[in-house]
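Every read-out reported here was derived from the displayed coordinates using simple, explicitly stated rules and does not represent laboratory data. Everything quoted here is computed from the prediction, not taken from an experiment. Virtual Cβ from ideal backbone geometry, glycine too; neighbours counted across all protein chains shown.
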Amino acid sequence: MLNEKDKVKKLVGEASVEYIKDGMNIGLGSGSTVYWMVKKLGKLVEVGLDIKGIPSSNQTAEWAEQFGVSLTDFSHVKQLDLTIDGADEVDQDFQLIKGGGGALFREKVIAAAAKELIIIVDKSKMVTQLGKYPLPIEVLPFGWQMTANEISRLGCVPQVRKKAGGPVVTDNGNYILDCPFKLISNPRKLDEELKRIVGVVETGLFIGMADKIIVGDGDGIRTMNV
Ligand SMILES: O=C(CO)[C@H](O)[C@H](O)COP(=O)(O)O
């Protein structure tokens with residue numbers, strides 16, 4: 001049985017496939033909302049839709065395989081027609097925090113490579129200002145403590161993400177620092193400052209990337225264009 005939030009995730013995930021057309025190369029995001037998108041896409045492929053996907057995580061690649069969605073990679077595709085992904089926070093300017101699932105680096109690659117980025121979220125992800133959700137930052141394992149220390153100078157106490165007692169290792173072999181900034185008044189500036197720190201691979205701030213947000217709640221979905 002799906003709980004209310006999962007029902008909404010299913011609703012927006014399934015609704016988003018409306019934008020996928022025959023012949024497209026699609027960036028496949030990560031997370032529990034994207035799961036429903038990939039599953040629905042598999043149903044369309046079954047009845048003849050011809051598309052290829054580039055997954056942003058090993059988990060999404062597994063789902064694609066499970067649902068019969070063909071995959072490709074950047075040695076075959078120069079640009080994606082469309083990327084569909086979830087988010088952890090979306091503000092009024094469509095700036096995002098992503099990386100709750102630890103896939104932010106590849107998610108940013110498929111977002112940057114796409115002509116259009118569609119974000120699918122339940123209403124609880126919509127915020128007036130980013131930062132309540134601790135910002136995930138992917139860092140190199142070597143000297144991560146030094147990187148965390150530099151990040152802390154920008155106003156947070158980073159926590160290395162852990163699982164079963166050890167650091168979570170991303171699909172790229174790196175670590176994730178969860179950084180509770182509380183309120184991020186200038187996301188673009190913070191992103192630039194973080195990217196200048198040695199050891200930072202990528203941040204979960206997606207600024208000026210989203211083109212369309214599909215938001216769902218118990219009453220249905222709403223689509224907002226930038
Ligand atoms: O950025 C992500 C993974 O790195 C996800 O898109 C984000 O965490 C949202 O996940 P969900 O759809 O499960 O709420």
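Computed on region 135-203, with alpha-carbon pairs under 8 angstrom and 6+ residues apart, the relative contact order is 48 percent. Under the rule of -39500 (n - 2.57) per DSSP H run of 4 or more residues, summed and divided by the residues of the chain, what mean residue ellipticity at 222 nm is obtained, to the nearest 500 deg cm²/dmol? Value at 222 nm, helices only, nearest 500: -8500 deg cm²/dmol. For K115, the aspartates and glutamates whose Cα falls under 20 Å of its own Cα, not counting residues fewer than eight places away in the same chain, are E18, D22, D50, D73, D81, D85, D93, E107, D211. Specify whether the C-alpha gyration tensor of region 67-197 places it in the rounded, prolate or oblate class, a ≥ b ≥ c being the square roots of the eigenvalues: rounded for a/c under 1.5, otherwise prolate if a/b is larger than b/c and oblate if not. In terms of gyration-tensor shape, oblate.
Round to the nearest 10 and give me the degree value, 0 to 90, for the angle of helix 58-67's Cα axis relative to the longest principal axis of the chain. Here the helix axis deviates by roughly 10 degrees. Normalised by the number of residues in the chain, the mean separation of alpha-carbon contacts (under 8 Å, six or more apart) gives a relative contact order of 22 percent. Neighbour counts of C-beta atoms inside 10 Å place M209, M37, M146 in the sequence M146, M209, M37, starting with the fewest.
Judged by the mean number of other Cβ atoms found within 10 Å, the most tightly packed of the peptides 161-169, 190-198, 78-86 leads the ranking 78-86, 190-198, 161-169.
Computed from the Cβ-Cβ distance with R0 of 30 Å, the FRET efficiency linking K123 to L183 stands at 0.90.
In the chain, the longest principal axis of the Cα atoms and the axis of helix 4-15 are about 60 degrees apart. Net length available on complete extension from Q92 to E62 is 7.5 nm, with 0.36 nm assigned per residue and the Cα-Cα distance removed. Put in line by how crowded their Cβ is, counting other Cβ atoms within 10 Å and starting with the fewest, T170, T223 read T223, T170. I need the shape label for region 135-203. Rule: rounded when a/c is under 1.5, else prolate if a/b > b/c, else oblate, with a, b, c from the alpha carbon gyration tensor. Prolate.
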